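Novice: Below you'll find the structure I mean.
The values are calculated or read from the model by the stated rules, or taken from the named source; none is laboratory data. Here the structure is a predicted model, which means the values were calculated and not measured. Glycine gets a Cβ as well: all are built from the backbone with ideal geometry, and neighbour counts include every protein chain shown. We work out accessible area using only protein heavy atoms, side chains counted, and drop any ligands, DNA or RNA first. Shrake-Rupley method; radii C 1.70, N 1.55, O 1.52, S 1.80 Å.
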2 protein chains.
Amino acid sequence: MSNDTTPATGKQHLILTGDRPTGPLHLGHFVGSLRNRVKYQHQYEQYIMIADAQALTDNMDDPAKVHNNVLEVALDYLAVGIDPSKSTIFIQSQIPELTELTYYYMNLVTVARLERNPTIKQEIILRNFERDIPAGFFTYPVSQAADITAFKASLVPVGEDQIPMIEQTNEIVRRFNRLAKQDILVECEALVPEIGRLPGIDGKAKMSKSLGNCINLSASAAEIKAAVKNVYTDPLHLRVEDPGHIEGNIAFTYLDAFDIDKIALQEMKDHYTRGGLGDSKVKARLETILQDMLAPIRERRQEYEKDRAQVLQMLKQGTEKAREIAAKTTDEVKAAIGLKHF
Amino acid sequence: MSNDTTPATGKQHLILTGDRPTGPLHLGHFVGSLRNRVKYQHQYEQYIMIADAQALTDNMDDPAKVHNNVLEVALDYLAVGIDPSKSTIFIQSQIPELTELTYYYMNLVTVARLERNPTIKQEIILRNFERDIPAGFFTYPVSQAADITAFKASLVPVGEDQIPMIEQTNEIVRRFNRLAKQDILVECEALVPEIGRLPGIDGKAKMSKSLGNCINLSASAAEIKAAVKNVYTDPLHLRVEDPGHIEGNIAFTYLDAFDIDKIALQEMKDHYTRGGLGDSKVKARLETILQDMLAPIRERRQEYEKDRAQVLQMLKQGTEKAREIAAKTTDEVKAAIGLKHF
């Protein structure tokens, strides 16, 4: 597995990454992936997929939500500085070849193997699916393998918990290449970010729109202010003069993620631990940092929002470019398993 | 469920039928479906799918076999009198839209529901898959639903044992239409043939190439002769004068299926049951009938074999025509679940 410190090796690596369009992107996405993509686009050939087809595997009851969030996610991408002239942004459902690859890869994976997938196991619990798992959700590791291999991606940024997905993809790659007696598909490597998941403002779990503990990238100044006010700190730190705890204190977790002045931050932590530093001062610093960071993102988003047709045009061009590559791979795959006749 | 006696109702019904191209078609196919298709093509709008993609769900280890049998199956179709000017013959894998529909329908079916499918349960036993069921095989009822609904087929000829597949398709149709709040997909009806499965010449099970108990449609005169010689009769009927049994006697089962002179056949059965009629006489009649029936089929096949490029051209035209319909349905399906953006 690679991590953030992988040296820039020019453009020989192709990165595939993306998001399910089910709601606004938030600080958790920013820390875990978006700000890395802004960096990667200068180092690698980067493809960013708006995974609407995958989003339907657990949102089939609300397809309109998925549809509407495609453009919202694209706006978030542009707002954080992902540059469509450097990164190819595309819509998954508009590349039918990805479903063809999924279909044929399904023959290379057993049901028992899918049942053993730890990520799926965990997500089934998270979603309270129990026996009512949609078949599309159950088999989405195969769909992910199709996405990754269609682009012959060699690097895939994922959280630690998604590493089993990468292993599943590479198993399919090896099985397919063995069957084809040639190296048509390419194995990929997980690219795990240095800073993992960001907890929600309530400190209870990861930041997640379904838990309502997010700060969205498009949050207004007032929303940011309110959210910081509610950030979970140290419940035992009742009076300013009391010693406070850093661990599990979300204000400091966020400062760790966003404050670039690490020396000042360390001094603040020491002061807080000794006692004599109130939560309000810590939160004031956090708010300043978040307001400064999010203001230009929000403004850029507002600019792009004025011309949604142009954003859609950008997505169309990205999708066309991406489709060419996926179609070429699909053609190779189908030819290798006797599915070319004309 | 309909059966053979459904009155011809003009062309308002669309039939979808087909075969997995995994080997030569045989008398079992002829009785169970091919000869009906020759009739149906005058009554209905008939689409016949060479299901190479589905064949791979349990033949991924030998894709060349599937590839090579596509044209062989087409030759068998033409040989029995399926007329491409009346029936549209197409190759499943050349219509990517079918994999798109499969992908999205997977979200409408739970894993538990697939596990309960009796046809799948039985076929898993038949194939000794146990825990190593390929995911593609496990989910092929969803793929079948995609095939059927892509053409908005209202009639689907199937054996009794395949009726659960039709039920699964109609469940998907109802769930999808409810979700889309409009009747985009069409429910279908099983069309069960009067004469069901033909047993193999060994009398042990249905005729099946994997059991080596077939008479292929392309069998030579000598092969037919040899097969009839080996047809299982009544093991207790040792001497000509002994009374013989009709039940389980494959020679008579075949005569029931192919001898159009039902009066002469009944006389022969009575004589056999009384005693005094040797197996050799019964088999001689069976051989005459089979030779007479298969000779023109074999000869037509040999004619078509002379110009395989032309047969391929016929398949190309059929596939193009079929793809237009499937693409139209897929477009409607995707639009209804928010997957149209450009």
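Novice: Only one residue in B:His341, B:His245 is within 30 Å of A:Leu315 (Cα to Cα) and in a loop (DSSP other than H, G, I, E, B), so which one is that?
Specialist: Testing whether each residue is within 30 Å of A:Leu315 (Cα to Cα) and in a loop (DSSP other than H, G, I, E, B) leaves just B:His341.
Novice: Quickly run through region B:326-342 and pick out the residues that are touching a residue at least 24 places away in the same chain (Cβ under 8 Å) and open to solvent by 50 Å² or more (accessible area, probe 1.4 Å).
Specialist: B:Glu332
Novice: Restricting the search to region A:206-223, which residues are open to solvent by 40 Å² or more (accessible area, probe 1.4 Å), part of a loop (DSSP other than H, G, I, E, B) and within 30 Å of A:Ile148 (Cβ to Cβ)?
Specialist: A:Ser218
Novice: What single numbered condition from (1) touching a strand residue (DSSP E or B) at 6+ places or on another chain (Cβ under 8 Å); (2) open to solvent by 10 Å² or more (accessible area, probe 1.4 Å); (3) facing another protein chain (nearest Cβ under 8 Å) fails to hold for A:Lys86?
Specialist: (3) is the only condition that A:Lys86 fails.
Novice: Identify, from the list A:Ser87, A:Ser2, the residue that is at pLDDT below 95, under 24 Å from A:Ala146 (Cβ atoms) and either among the small types (Gly, Ala, Ser) or more than 15 Å from the chain's Cα centre (by Cα) (or both).
Specialist: A:Ser2
Novice: For A:Asp58, state whether it is among the charged types (D, E, K, R), open to solvent by 30 Å² or more (accessible area, probe 1.4 Å) and at pLDDT below 95.
Specialist: yes
Novice: Would you check if there is a residue in region B:164-173 being more than 22 Å from B:Ile50 (Cα to Cα), within 12 Å of chain A (Cβ to nearest Cβ), open to solvent by 20 Å² or more (accessible area, probe 1.4 Å) and not polar (S, T, N, Q)?
Specialist: Within region B:164-173, not a single residue is more than 22 Å from B:Ile50 (Cα to Cα), within 12 Å of chain A (Cβ to nearest Cβ), open to solvent by 20 Å² or more (accessible area, probe 1.4 Å) and not polar (S, T, N, Q).
Novice: Next question, about the same structure. Among the listed residues B:Asn128, B:Asn177, which satisfies the condition of being open to solvent by less than 20 Å² (accessible area, probe 1.4 Å), among the polar types (S, T, N, Q) and within 14 Å of chain A (Cβ to nearest Cβ)?
Specialist: B:Asn177
Novice: Here is a list: B:Leu108, B:Leu75. Which entry is within 7 Å of chain A (Cβ to nearest Cβ) and touching a Lys or Arg at 6+ places or on another chain (Cβ under 7 Å)?
Specialist: Among B:Leu108, B:Leu75, only B:Leu108 is within 7 Å of chain A (Cβ to nearest Cβ) and touching a Lys or Arg at 6+ places or on another chain (Cβ under 7 Å).
Novice: Also, quick follow-up: How many of the residues in region A:195-205 are under 14 Å from A:Asp256 (Cβ atoms) and either over 13 Å from the mean Cα position of the chain (by Cα) or open to solvent by 60 Å² or more (accessible area, probe 1.4 Å) (or both)?
Specialist: 4
Novice: Of the residues that make up region A:257-265, is at least one more than 20 Å from A:Lys206 (Cα to Cα), assigned to a loop (DSSP other than H, G, I, E, B) and not hydroxyl-bearing (Ser, Thr, Tyr)?
Specialist: yes
Novice: Still on this structure, please answer the following. Only one residue in B:Ala64, B:Ala112, B:Ala150 is among the aliphatic types (A, V, I, L, M), in the same structural domain as B:Ile172 (by TED's automatic domain parsing), surrounded by fewer than 20 Cβ atoms within 10 Å (Cβ to Cβ) and more than 29 Å from B:Leu211 (Cα to Cα), so which one is that?
Specialist: B:Ala112
To keep it simple, each residue is scored yes or no on (1) on the phi > 0 side of the Ramachandran plot; (2) more than 14 Å from every other protein chain (Cβ to nearest Cβ); (3) modelled with pLDDT of 95 or more.
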| position | (1), (2), (3) |
| --- | --- |
| B:Ala257 | no, yes, no |
| B:Glu267 | no, yes, yes |
| B:His271 | no, yes, yes |
| B:Ala284 | no, yes, yes |
| B:Lys306 | no, yes, yes |
| B:Asp331 | no, no, yes |
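Novice: Sticking with this one: Which residue is most open to solvent (accessible area, probe 1.4 Å), if the candidates are limited to region A:290-325 and must be in contact with a Leu (Cβ under 7 Å, 6 or more places away or on another chain) and of a type in the set (A, V, I, L, M, F, W, C)?
Specialist: Checked region A:290-325; the qualifying residue most open to solvent (accessible area, probe 1.4 Å) is A:Leu312.
Novice: On to the next question. A:Val73 - would you say it is surrounded by 20 or more Cβ atoms within 10 Å (Cβ to Cβ), in contact with a strand residue (DSSP E or B) (Cβ under 8 Å, 6 or more places away or on another chain) and closer than 21 Å to A:Leu294 by Cβ?
Specialist: yes
Novice: Given the residues B:Thr102, B:Thr57, which is the only one that is within 14 Å of chain A (Cβ to nearest Cβ) and out of contact with any Pro (no Cβ under 8 Å at 6 or more places or on another chain)?
Specialist: Answer to the check: B:Thr102.
Novice: Here are B:Glu241, B:Glu189: which of them is modelled with pLDDT of 90 or more, in the same structural domain as B:Val73 (by TED's automatic domain parsing) and open to solvent by 40 Å² or more (accessible area, probe 1.4 Å)?
Specialist: B:Glu189
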